[in-house]
Every structure is written in C-alpha cells, then in structure tokens.
1. Kindly provide log₁₀ I(q)/I(0) values, in the same order as q = 0.12, 0.19 Å⁻¹, from the Debye equation applied to equal alpha-carbon scatterers of the stretch 170-284.
2. For SER229, what accessible surface area do you get with a 1.4 Å probe? Give it in Å², rounded to 10.
3. Under a point spin-label approximation (7 Å from Cα along Cα-to-Cβ), what is the LYS254-GLU371 distance to one decimal in nm?
4. Give me the one-decimal nm value for the distance between modelled label points at LYS139 and ARG157, 7 Å along each residue's Cα-to-Cβ direction.
5. Pick out which of ASN335, ASN359, ASN350 has the largest mean-square fluctuation in a Gaussian network model of the chain, springs linking Cα atoms closer than 10 Å.
6. For the chain, with all protein chains present and a 1.4 Å probe, just round the carbon and sulfur fraction of the accessible area to a whole percent.
7. Short version: ³J(HN,Hα) in whole Hz for each residue of the stretch 330-346, in order, from phi by Karplus 6.51 cos²θ - 1.76 cosθ + 1.60 (θ = phi - 60°), x for Gly and Pro, what are they?
8. Of the cross-linked pairs LYS62/LYS122; LYS139/LYS353; LYS178/LYS269; LYS294/LYS364, which ones have a Cα-Cα span greater than 30 Å in the structure shown?
Amino acid sequence: MYTYKEKETTTIINVKKFIDPWFWDRYSISPYAGCEFNCIYCYARAGKYAQHFNQGNTIYIKKDAPQKLDRRLTRTKTLLPDIVGMSGVCDPYQPGELVYKNTRACIEVLAKHHYPVNILTKSALVVRDRDLFSQIAEKSWMGVSFTVTTLNETIARFLEPSASTPEERLAALSTIKKANPKINCGVMAIPMVPGLEDDEKEIEEFLKRSKDAGADFFLFSPGLTMEGSQALRFLAALQSAYPHLIPFYENLFKFSYSPHEYSGTYGPKKSYATGQSKKIFTLLDKYNLPARLKRFIPEDFRKNNYLIAEQLLNEACHLQYLGKSCSNLYWAGMNIQNLKEDIHNITARNELKTIRNVNDEVEKKILALLEK
C-alpha cells in the first residue's frame, strides 16, 4: 500500500532550457513526487529523480500546487503560453489523483491562462477530465499521450504492475478522441523492451489496434535506457522472470551480469535500434500512422520559428532512428525554437548563420522552407 503525504515546494512549473523535441513541451509540471505504478523500466529511478523513488511507499502531493501555479502565471512577464507537459517524472493520473485531484486543479489553472497542455499517462483515469481537455483543445492545443508498449497482458503486468491494462489505455484513448477530435491523442511505445516487445507480428497488431482506437501518432523507441539503480532493478526482475534473456541483454548492452553493479552502455547496440526502427517505419507507412506528434503553433513572433524547427527536428529524428548523423540539423532546430525574434527578420538581415549550428546545408533547408 502507498501512503500520500503533502510536501512543500518552492516552484510548481519547470521551465526547460530547450523545448522537448519529442513532445514539444516548453514547461513541465509534476503534481506528485513519486509514482505508484512501479514500472520496472522507469528511467526516473536513476539520476536526479531517484530521490522521489527511494522513500518507501510514500507518494508526495505538491502542496498548494494549483494556487502557486496561478500566482506564477498571473504575475509572469516572461512565460509565454506554450505546451506544459504533465508529466514525465510521475504519472499525473496515478490512483491518488482520484482522491486528491492535484492534476485536474493544475490543468484548470492552465486552461484559465490559455496554456496548451500535453498529458503523458498510463492510466484510464484520464478519461475523467475529457471535458477539460475539450475546453483547452477549442481555445488552444491539447494532447493526451498514452504510454502503451505491448498488447500482451502478461508482459505488461510484469513491466508495469500497477498501471491500467493496455486494453484499458486504448479504450481511454478512443473515448477521449471521440469526445473532441481536436484533441491530439496517440500512443507512446516507449520503451519497446528488447526480447519482450520486439516481435514484428505483435508490433503490427499493436499498430493496427492503435490506429483503430483513433491514434493520431505512434511515438516509439526501440530498446530502453539502462543506468545505475534503475538498470539493476530492471535486470533483477528480468533474471527472476525471464532468465533466458540475460545473455541477450549482456550482448545488447555490453556488460556482464551482476546484481550489485551496472557498468554497461546506456542504450542498446546501434544495429539493434536501427534494425527495429526500419521495420516499424515500414509498418507505420502501411497503416498511415505518423511517428511524430504535431505541435502547437503560437500566433506571435514564434510562429515561423516553430514551423521551421518542427520540420528540421522531424527530419533529424528520422535520421537518428536510422542511425545517421543529424547533430547540426537537430541543434539548429533546437536553437531556432529559442529565438527571441521572428526568423524572417534574421533572414532579411542575411544573418541565418549567426544561429548556432546553422551551416550552409541547414541554411538552404531553412530558406526553402521559408519560401513555402
């Protein structure tokens, strides 16, 4: 059993140095610290977030989060409306939300101030707030991204023991999409766990079911990240339930299995990730399902910057999937998103190359996009 306790926080909305190139969020909010879903692959159990997952079975409620958020957005002169991610470190719709409603209260504040929102969740509870999502979609931009990595109930229960079932998540996606077609709904197959979720026939069935449920996009990541205590926790569970996969993982992540120390690579071998990506892209084309989330475009000086950056980053992402070099393209897109003036003005002054990572090749791409 999990216990929920209130916790004081100095800030509730986090401002990112760079806009996230996957979910397009400039800001993030975690209404809770810690997560009850207990997913064994969770990246937040390593690095700077690990403190929230090493406090027994206690989940912390961010005290007065909606009130603090409202004050921050009311007084701000610098936080322009942009996508707020809810949330990557905890599930905003974990069971405690049914009682404490911290997530809904924060989203109500964001709706009041006309900020676009993207929900990241594994919970069917999210359908409760479809009225609020519809309101935001009509006035701004709204996204609901469901993490679903397999349709296999046994594997899902092993990887995500306390989350809603895959069937429940797809049903929730369908319900929300039907509530308002303007809501961007899709699937995040992140991570697609090697040896358990990489069978091509099962992936095709997964894609088909996602499309039938009404998904607008299918974000995916073949493989998973492995780091420190998170890697040890995952490998211990794998050793217990699927011991025959340990040699496969030793080869894939270049380590020798030890229950006390992880010294392998952060991600799987490049050849594995690239091979899986090519197969998935073929299936995405077959079912006419985009691999990218369409972003919020503001109606101010950022409009052209975001449109250009979206194209550059979509191309960079595709190249990255295929194991090809994309560093300049990627960072040019990231830097263009952070410009403080319309890129048209910079072009008119013949100063595109003053933007970091814009070389001759990237400049040609930008000029061609601007002509459109």
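The values are calculated or read from the model by the stated rules, or taken from the named source; none is laboratory data. What you see is a predicted model; the values in this text were computed from it and never measured. Quick reminder, even Gly has a Cβ in these numbers, built from the backbone with ideal geometry, and neighbours come from all protein chains shown. The protein model used for the area step is the full one, side chains on, heavy atoms only, and it has no ligands, DNA or RNA in it. Shrake-Rupley method; radii C 1.70, N 1.55, O 1.52, S 1.80 Å.
1. Listed by q, the Debye log ratios stand at -0.52, -0.97.
2. 70 Å²
3. So the label points at LYS254 and GLU371 sit 4.3 nm apart.
4. Inter-label distance under the simple model: 4.3 nm.
5. Judging by the Gaussian network model, the answer is ASN350.
6. After summing per-atom areas, the C and S share lands at 50 percent.
7. These are the phi-based 3J(HN,Hα) values: 4, 6, 5, x, 5, 6, 5, 5, 9, 4, 9, 8, 5, 4, 4, 5, 5 Hz.
8. The pairs that break the limit, which is 30 Å between Cα atoms, are LYS139/LYS353; LYS178/LYS269.
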